[in-house]
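A.B. asks: Dropping the structure in here first, questions after.
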Amino acid sequence: MRIEFKEISKSFGGVHALKKASLSVESGEIRALLGGNGSGKSTLIKIASGLVQKDSGEIYINGEKMSIRTPKDAKRLKIAATSQELSIFPNLTISENITLCAMPRKKYGAADRKLMRKKTLDVLRKLGLEEKIDMPVKELPVNEQYLIEFGKAIYQDFDILMVDEVTSALYQKDVETVKHILEEYKKQGKVILFVSHRLKELYQICDSVTIMRNGEVIETDRIADVDDDHLLSVMIGQSVQKTQENSPHNQAFSPDENTEKPYFVIENLHIGQYNTDLSLEIKKGEIIGVAGLQGHGQSELVRRLHGMDGTIKIKKGTEEIIIRNPRDAVKNKFAFISGDREWEGAFGQHGLTEDISVVKELTLREKDTKPEQVLEAMHVKYARPGQLITSLSGGNQQKVIIGRWTYTKPVLLLADDPSKGIDVQARREMHTVFHRLAEEGTSMIIVSSDDDELVDLCSGYPNARVIVLYEGQISAVLRGNEITRDHIIEKTLSKGSEGK
């Protein structure tokens with residue numbers, strides 16, 4: 001089995017998504033596709049899936065030229081793919097979602113519910129979710145919804161599997177599950193294309209890597225033959241050392257003289273999932289990274305602070321502020337960035353400038369700042385300011401959302417896995433923005449499912465720490481040299497309480 005892309009080109013308006021991109025993947029190979037946001041990875045997968053029509057070029061399977069114009073064509077050729085954005089239906093059951101593309105039916109066309117359940121259980125056992133078969137999809141946490149997205153693909157009869165960013169919202173144990181499943185398919189001789197911005201995952205899962213930049217295939221290497229610096233240098237088109245010269249970690253930082261005093265005091269914040277109360281003090285300009293096993297209160301912490309789950313009271317300096325809903329939070333200069341851009345981040349029916357301006361109108365700040373300046377500052381790749389945000393790549397959408405909030409200069413920035421779907425260089429740029437805001441006095445609570453991101457964001461930064469949540473309570477606090485991936489994992493798996 002072999003799939004080959006020959007000189008594939010595709011343009012969207014004035015933006016060249018692919019420029020004569022060529023690559024091939026062999027049977028029993030897991031090939032990583034690595035590139036910045038807008039480099040063409042997802043477009044290539046959508047073309048092979050029949051979701052997008054190429055402008056020129058050819059696709060060959062086992063040396064035979066194929067015409068893929070619709071998803072039905074792809075299915076006939078035994079090509080299956082996950083979606084970069086969730087394509088599950090919250091109002092349907094897990095069985096209905098997983099079997100939707102190939103739903104078993106009875107003799108006269110009605111859905112065979114008994115067989116659906118059996119086939120769904122087969123998939124869920126691989127994913128370690130068999131006990132949740134009767135739970136509505138909308139009640140699953142985000143990481144498990146992405147596992148269902150993956151389950152939809154592996155349920156199908158395929159020879160070629162394309163996994164597009166499905167691990168972006170997964171915790172390490174989930175990634176291990178995906179890795180195990182892909183290794184089994186590799187042994188069966190399947191062709192696998194794997195997209196992830198987490199370099200560690202590429203080394204864990206993939207045999208080879210194709211690096212793309214600005215719609216072009218730059219080079220392909222055996223993954224064991226290249227290191228992080230090489231991959232990043234090829235991906236961004238310049239030496240990694242140059243990109244690190246202005247890194248905040250290399251710059252002197254003098255904390256504000258008031259940073260030793262708590263700026264925000266949160267007392268007895270109720271975490272309903274575990275019926276616990278959590279207390280936390282936040283200094284001005286402090287960055288607090290939040291780690292922990294999935295579902296131990298991380299998301300609920302930042303969402304409650306943004307008024308998404310009932311009224312809360314927070315002490316800010318000498319005053320007490322009441323947050324009844326997200327509107328109150330925004331008026332008090334609290335920002336919230338979600339990693340779920342499709343459902344919680346983007347205003348899909350508005351142009352880019354409108355999407356950015358909506359928060360400005362609520363906060364009545366930065367009226368002299370033009371949305372175009374935000375787009376440029378965030379290095380967003382776009383054709384025109386009025387185009388829909390949904391027309392951008394997933395990572396560029398997230399840059400717009402991050403820029404929308406950060407340019408209002410919030411006093412408290414709350415983020416729930418904000419780097420999901422963002423490439424490595426864009427993540428570094430986002431961290432630069434966060435560090436700049438912290439230096440200007442913005443306090444932050446950043447939840448991440450990626451321990452390495454918390455290390456990159458917080459270690460070596462004087463006014464930062466990582467807290468670990470366990471069953472809705474703070475079980476550990478890491479500072480300075482303590483902030484390492486090994487320490488985070490160790491504390492994540494341990495119990496106890498170390499206070500504020």
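A.B. asks: Sort out which residues of the stretch 164-196 are modelled with pLDDT under 95 and closer than 25 Å to Glu4 by Cβ, and write them in order of number.
C.D. replies: Asp164, Glu165, Val166, Val195, Ser196
A.B. asks: Exactly one condition in (1) out of contact with any Leu (no Cβ under 6 Å at 6 or more places or on another chain); (2) over 20 Å from Glu29 (Cβ atoms) is false for Leu161; which is it?
C.D. replies: Condition not satisfied by Leu161: (2).
A.B. asks: Being farther than 22 Å from Arg327 by Cα and basic (Lys, Arg) is the filter; apply it to the stretch 262-316 and report the residue that is surrounded by the fewest Cβ atoms within 10 Å (Cβ to Cβ).
C.D. replies: Lys283
A.B. asks: Is there a residue being modelled with pLDDT under 85 and surrounded by fewer than 17 Cβ atoms within 10 Å (Cβ to Cβ) anywhere in the stretch 436-456?
C.D. replies: Scanning the stretch 436-456 turns up no residue that is modelled with pLDDT under 85 and surrounded by fewer than 17 Cβ atoms within 10 Å (Cβ to Cβ).
A.B. asks: Here are the criteria: (1) modelled with pLDDT under 90; (2) over 14 Å from the mean Cα position of the chain (by Cα). Tell me which single one Met430 does not satisfy.
C.D. replies: Against the list (1) modelled with pLDDT under 90; (2) over 14 Å from the mean Cα position of the chain (by Cα), Met430 comes up short only on (2).
A.B. asks: Restricting the stretch 348-358 to residues that are within 22 Å of the chain's Cα centre (by Cα) and either outside the structural domain of Lys420 (by TED's automatic domain parsing) or surrounded by 17 or more Cβ atoms within 10 Å (Cβ to Cβ) (or both), which is modelled with the highest pLDDT?
C.D. replies: Leu352
A.B. asks: How many residues are within 29 Å of Pro385 (Cβ to Cβ) and out of contact with any helix residue (DSSP H, G or I) (no Cβ under 7 Å at 6 or more places or on another chain) if we restrict to the stretch 21-41?
C.D. replies: Final tally of qualifying residues: 3.
A.B. asks: If I ask for residues that are surrounded by fewer than 21 Cβ atoms within 10 Å (Cβ to Cβ) and either at pLDDT below 90 or among the acidic types (Asp, Glu) (or both), which ones from the stretch 409-423 would you list?
C.D. replies: Of everything in the stretch 409-423, just one residue is surrounded by fewer than 21 Cβ atoms within 10 Å (Cβ to Cβ) and either at pLDDT below 90 or among the acidic types (Asp, Glu) (or both), namely Lys409.
A.B. asks: Name the residues in the stretch 122-154 that are surrounded by fewer than 18 Cβ atoms within 10 Å (Cβ to Cβ) and either touching a Cys at 6+ places or on another chain (Cβ under 9 Å) or closer than 29 Å to Gly50 by Cβ (or both), would you?
C.D. replies: Asp122, Lys138, listed by residue number.
A.B. asks: Also, quick follow-up: For the stretch 1-78, list the strands (runs of 3 or more DSSP E) that sit wholly inside it and hold at least 2 residues that are surrounded by 15 or more Cβ atoms within 10 Å (Cβ to Cβ); which are they?
C.D. replies: Hits in the stretch 1-78: 2-12, 15-26, 29-35, 56-61.
A.B. asks: Report yes if Thr99 is within 29 Å of Ile223 (Cα to Cα), in a helix (DSSP H, G or I) and at pLDDT below 95, otherwise no.
C.D. replies: No: the conditions fail for Thr99.
A.B. asks: Can I ask one more? Can you confirm whether the stretch 377-400 contains a residue that is at pLDDT below 80 and among the basic types (Lys, Arg)?
C.D. replies: No: zero hits.
A.B. asks: Would you check if there is a residue in the stretch 458-466 being under 20 Å from Leu170 (Cβ atoms) and at pLDDT below 90?
C.D. replies: Taking every residue of the stretch 458-466 in turn, none turns out to be under 20 Å from Leu170 (Cβ atoms) and at pLDDT below 90.
A.B. asks: On to the next question. Among the residues of the stretch 155-164, what is the count of those that are under 16 Å from Ala48 (Cα atoms) and either among the small types (Gly, Ala, Ser) or in contact with a Ser or Thr (Cβ under 9 Å, 6 or more places away or on another chain) (or both)?
C.D. replies: Residues that pass the stated criteria total 5.
A.B. asks: Taking only pairs six or more apart or across chains, which ones have beta-carbon atoms under 6 Å, a first residue in the stretch 128-141 that is more than 16 Å from Ala169 (Cβ to Cβ) and touching a residue at least 24 places away in the same chain (Cβ under 8 Å), and a second residue that is of a type in the set (A, V, I, L, M) and not in a helix (DSSP H, G or I)?
C.D. replies: Matching pairs, first to second residue: none at all.
A.B. asks: Among the residues in the stretch 91-106, are any among the small types (Gly, Ala, Ser) and touching a strand residue (DSSP E or B) at 6+ places or on another chain (Cβ under 8 Å)?
C.D. replies: Taking every residue of the stretch 91-106 in turn, none turns out to be among the small types (Gly, Ala, Ser) and touching a strand residue (DSSP E or B) at 6+ places or on another chain (Cβ under 8 Å).
A.B. asks: To continue, here is another question. Could you list, in sequence order, the residues of the stretch 194-242 that are among the hydroxyl-bearing types (Ser, Thr, Tyr) and under 25 Å from Asp486 (Cα atoms)?
C.D. replies: Within the stretch 194-242, Ser196, Tyr203 qualify.
A.B. asks: Still on this structure, I have one more. Residue check, Val374 against (1) within 23 Å of Met308 (Cα to Cα); (2) crowded, with 23+ Cβ neighbours inside 10 Å, all met but one. Which one?
C.D. replies: Val374 satisfies all of (1) within 23 Å of Met308 (Cα to Cα); (2) crowded, with 23+ Cβ neighbours inside 10 Å except (1).
The values are calculated or read from the model by the stated rules, or taken from the named source; none is laboratory data. Since the model is a prediction, treat every value here as computed from it, not as a measurement. Heads up, the Cβs are rebuilt from the backbone with ideal geometry, glycines too, and the neighbour counts pull from every protein chain shown.
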